[in-house]
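Working notes, beginning with the structure itself.
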Amino acid sequence: MKLPGQTGTEVRVRTIVLTTRWSPAEHSRLEEIAEFSDCSKAEALRRLVQQGQPMILPSRLLVSEVRRIGVNINQLAKRANVSGQVDHDALIEAYRDLLSATRMLLR
């Protein structure tokens, strides 16, 4: 609540200013979200941050590690096909589990 004699800057709750760089496509998408939500771009960003459960944004390292695991599984599958010593069903199930986990993470 603004008291008599106070300026707007003295009562602001949001005091941190973020400066970011956006690609034209990213900026266009933000504008679409803000327009659809009938609010400013800043308000759209605040609402997105405040929504629901915290999201994990996959890092480059995480994506790289998941890819390495996938490559290893593919190598095991090739060896299993050649030697016939690995349970194919178990290998396929492990691969499906990894793929499912990766897709959930990247949503």
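Calculated FRET efficiency, L30 and L76, Cβ-Cβ r, R0 41 Å, to nearest 0.05?
On the way: r = 43 Å, r/R0 = 1.05.
Using R0 = 41 Å, I get an efficiency of 0.45.
Using the Karplus relation 6.51 cos²θ - 1.76 cosθ + 1.60 with θ = phi - 60°, the per-residue 3J(HN,Hα) values for the stretch 71-76 come to 4, 4, 4, 4, 5, 4 Hz, with x marking Gly and Pro.
Quick note: the coordinates plus some simple rules give every number you see, no bench work behind them. A quick note: this is a predicted structure, and the numbers were derived from the prediction, not measured. All Cβ positions, even for glycine, are placed from backbone atoms using ideal geometry, and neighbour counts span all protein chains on display.
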